[in-house]
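The values are calculated or read from the model by the stated rules, or taken from the named source; none is laboratory data. All of these numbers come straight from a predicted model, not from anything done at the bench. When we count neighbours, we look across all protein chains shown, and the Cβ atoms used for this are built from the backbone with ideal geometry, even at glycine. Accessible surface areas use protein heavy atoms only, side chains included; no ligands, DNA or RNA. Shrake-Rupley method; radii C 1.70, N 1.55, O 1.52, S 1.80 Å.
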Amino acid sequence: MGMTMSQKILASHAGLDKVEAGQLINAKLDMVLGNDITSPVAINEFNKAGFDRVFDQNKISLVMDHFAPNKDIKAATQCKQCREFAAEMGVVNFYDVGEMGIEHALLPEKGLVCAGELVIGADSHTCTYGALGAFSTGVGSTDMAAGMATGEAWFKVPSAIRFNLTGKLGRWVSGKDVILHIIGMIGVDGALYQSMEFGGEGLKSLSMDDRLCMANMAIEAGAKNGIFEVDDITIAYMKERVDREFKIYTADPDAEYTRVIDLDLSQIKSTVAFPHLPENARTIDQVGDVKIDQVVIGSCTNGRLSDMETAAAILKGKKVAKHVRCIIIPATQKIWMECVKRGYMDIFVEAGCAVSTPTCGPCLGGHTGILAAGERAVATTNRNFVGRMGHTESEVYLASPAIAAASAIAGKIADVSEVL
């Protein structure tokens, strides 16, 4: 029996000709990622183990994005520890306030991850980089510490679910709607410790931003990783950003999958995930009358330039409802500056939105938009667990940038057709 894309990457990095689902392996890493929450724990373990150098100063990325700019003394202390460690170890890819961005938008933008590579990060949404044809997955801070020191990590080889995509996305429908639809279909444990592998003719309808969003949320279906077949769109994206050779892995024709799911993208509707799980997915025509208090457009899922473009197209010439707070967070400094050049910032501010510096901010209940008891938010983020964005009695509804922007105008969850 042949191997899947993920299995081929793992086999190559383990120095093996073949691996099988369930096999335990030790593999060499191309990138180790940490942020301001997870890195301090890893640094403590690194020091406790007696390590005095990192395996490669160019293959570690530390991004201060969750509580940065620092919201309190504890956050400032954590970032200070990361800053000092990076300086001591000579970590090249250290990104702090003023030059940082949300980690899973920043690394692809800077060409730090690419096809065929093996990436771990002490953040569950590290699976984002599968959009580029890499095997990337989240790990604990102890594994991050070991990875920084040795350049290796252990893995249990995952089995895989194959998603055959056909058709073309409709107007105002995006990768966010596709992944919410999939999670609604298979559940939050529907791909537990499996690889979600995407391919088929429908890929032509998905931009890199769509793919990055979908791979990002593979973890919300319980997956070990999400990964996309590399095509001309992927290659064009990497050639603009990556300054090294990359290797493309394709699944064998006889690769074994636990399940094969055929999905016609033309049939996907705008989708909203109701509290308190991403699997509580409803199409926009099933939502009903849900009044909201806040809208958040941003995060490692939907803070990219195309997301800003969508929001601007809908908000242009409109006003955010009086009772709604709309917070827009471009995911990186580069995206922020491009929004300025394109006039999106004027549109956002004139519509009554608050625009933030790049940060994870309210996504994890960090800062810049915490909810009070009884409040409801529509967010382009990736999780809507109890208390995720603030009070345990608040509610988060996950949606695409298009639905979020339309909802900000309507003052309730709304389709784009209701406001344009």
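Descriptive notes on the structure:
- Figure legend: label point modelled 7 angstrom from the Cα of Ala236 along Cα→Cβ; residues of segment 193-226 with amide N under 13 Å from it are 204-209.
- What a 1.4 Å probe finds exposed on segment 148-223 is 54% carbon and sulfur by accessible area, rounded to a whole percent.
- Alpha-carbon centroids, segment 365-411 and segment 16-94: separation in whole Å: 30 Å
- Sorting Thr310, Thr359 by accessible area puts them as Thr310, Thr359; the probe is 1.4 Å, largest comes first, and only protein heavy atoms count.
- The chain - share of DSSP beta bridges that are antiparallel (%, nearest 5): 20 percent
- With the highest mean first, a sort of the peptides 110-122, 322-334 on other beta-carbon atoms found within 10 angstrom per residue produces 110-122, 322-334.
- Neighbour-limited loop hits for trypsin sites (Lys or Arg not before Pro), segment 166-229 (at most 16 other Cβ within 10 Å; DSSP other than H, G, I, E, B): Lys168, Arg171
- Share antiparallel - DSSP beta bridges, segment 252-391, percent rounded to 5: 25 percent
- Peptide ranges 367-374, 151-158 listed from the most packed, as the mean C-beta count within 10 angstrom indicates: 151-158, 367-374
- With the convex hull drawn around the C-alpha atoms of the chain, the volume per residue stands at 127 Å³.
- Three-way shape call for segment 241-289 based on the alpha-carbon gyration tensor, with the a/c threshold at 1.5: prolate
- Relative contact order (percent, whole number), the chain, Cα cutoff 8 Å, 6+ residue spacing: 17 percent
- Calculated mean residue ellipticity, 222 nm, the chain: -8500 deg cm²/dmol, from DSSP H runs (n ≥ 4) at -39500 (n - 2.57) each, averaged per residue and rounded to 500.
- Whichever lysines have a C-alpha closer than 24 Å to that of Lys8, once near sequence neighbours (fewer than 8 apart) are set aside: Lys18, Lys28, Lys59, Lys156, Lys204, Lys224, Lys239, Lys247
- Total lysine pairs whose alpha carbons fall under 22 Å of each other in segment 310-360 (8 or more apart, or interchain): 4
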